[in-house]
Structures are given as C-alpha cells and as structure tokens.
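A short write-up of the structure that comes next.
No lab work stands behind these numbers, since they all come straight from the coordinates. Quick caveat: nothing in here was measured; it's all calculated off a predicted structure. Here Cβ is always computed from backbone atoms with ideal geometry, including for glycine, and neighbour counts include all displayed protein chains.
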Amino acid sequence: MTPATEIANRIGAAARQPEKWVQLLKFCLVGGSGYLVNLAVFALLASVFDVHHIGAAVGAFVVAVSNNFFWNRHWTFEPGERPAHFQAFRFFAVSLASLGINLVVLELLISGDVVGELPAQAIAVAVAMPFNFVGNKLWTFDE
C-alpha cells in the first residue's frame with residue numbers, strides 16, 4: 001500500500017467516528033485561538049513596530065505555534081505515550097511546513113496588490129490550516 005493510500009484510508013476511517021469530529025472541533029477552536037494570537041502579534045509587529053510583513057509573519061508564527069502546541073497536546077489530542085520534546089519537534093516541523101505555505105500565499109497576495117497586509121495574513125493562515133491539522137493528527141500525535 002502506498003503512503004498516500006494509507007493516509008486516505010486513515011482519513012476515511014476517522015471520518016466515520018464521531019469522537020474524531022469532536023477532536024476536529026477542538027483543533028479548530030485551538031487553531032482559532034492561535035489564529036487570533038497570530039493576527040494580533042502580526043498587527044502589533046507590522047503596524048506598531050513597523051516590521052516588514054515577512055518578519056511580522058515569522059514573529060506571529062513563533063508566538064502562535066507555542067500557544068497551539070500547548071493546547072493541542074493537552075486538550076485536543078492528549079499527550080499520549082510520547083515525550084513532549086518528541087511531539088514538540090514534530091509539531092514544529094509540521095508548523096514550519098505550514099508557515100512555508102502561509103508565506104507563499106501571503107507574498108502572492110501582497111505583491112499582487114490583492115489585499116492589504118492583515119487580510120492577506122488572515123487568508124494565508126486559513127489556507128495553511130488543513131495541512132497543519134492532517135500533519136499533526138497523522139504524524140505528531142500519531143493516533
């Protein structure tokens with residue numbers, strides 16, 4: 001079985017379990033809090049401290065990812081058997097990949113003069129969120 005088929009099978013099996021939908025709701029609530037933290041820090045850095053939008057996005061990412069790891073580990077997925085540092089490394093790796101998606105979308109929206117900086121960041125974070133959930137569910141917290 002290919003890795004893609006295995007992932008598709010795991011997602012399909014999870015979709016048929018009501019407790020997995022509760023877990024997705026918890027992830028969205030944590031993600032929502034991280035989203036607000038991200039936007040608040042981004043606005044503070046970009047508007048108040050006049051940090052370039054890429055630097056502001058990275059700073060906002062660091063603060064938000066710390067918030068999200070704590071709440072996802074202790075509430076959404078529960079700690080499990082793996083040590084915190086092991087999960088933190090994987091969470092950070094998935095989050096870095098999501099940040100990459102975020103930065104590409106952010107830059108495209110801003111350089112294309114599509115929207116302003118804060119709305120562009122809001123859209124970019126939302127685009128990266130599904131990848132973040134699947135990566136953390138299937139790899140970081142490894143259920």
*Two-decimal Rg/Rh across region 1-70, once Rg and the Kirkwood Rh are taken from alpha-carbon atoms*: 1.21
*Relative to the longest principal axis of the chain, what angle (0 to 90°, nearest 10) does the C-alpha long axis of helix 18-43 take?*
20
_So if I average 1/r over every pair of distinct C-alpha atoms in region 28-113 and take the inverse, what Kirkwood radius in Å does that give?_
13.7
*Work out, step by step, the length gained on full extension between ALA43 and SER66: first 0.36 nm times the residue separation, then minus their alpha carbon distance; give nm to one decimal.*
6.5 nm
*HN-Hα J couplings of region 129-137 from phi, Karplus 6.51/-1.76/1.60, θ = phi - 60°, integer Hz, Gly and Pro as x?*
4, x, 4, 4, 4, 4, x, 6, 5
*How big is the charge dipole of the chain about its Cα centre, in debye rounded to the nearest 20, if each Lys and Arg gets +1 on its Cβ and each Asp and Glu gets -1 on its Cβ?*
420
_Signed unit charges on C-beta, dipole axis of the chain, positive-most listed residue GLY59, ALA93, ALA40_ = ALA93
_Multiplying the sequence separation of GLN17 and VAL114 by 0.36 nm and subtracting their Cα-Cα distance, what value in nm do you get?_
30.9 nm
*What's the center-to-center distance, using Cα atoms, between region 95-136 and region 1-42 in Å?*
17
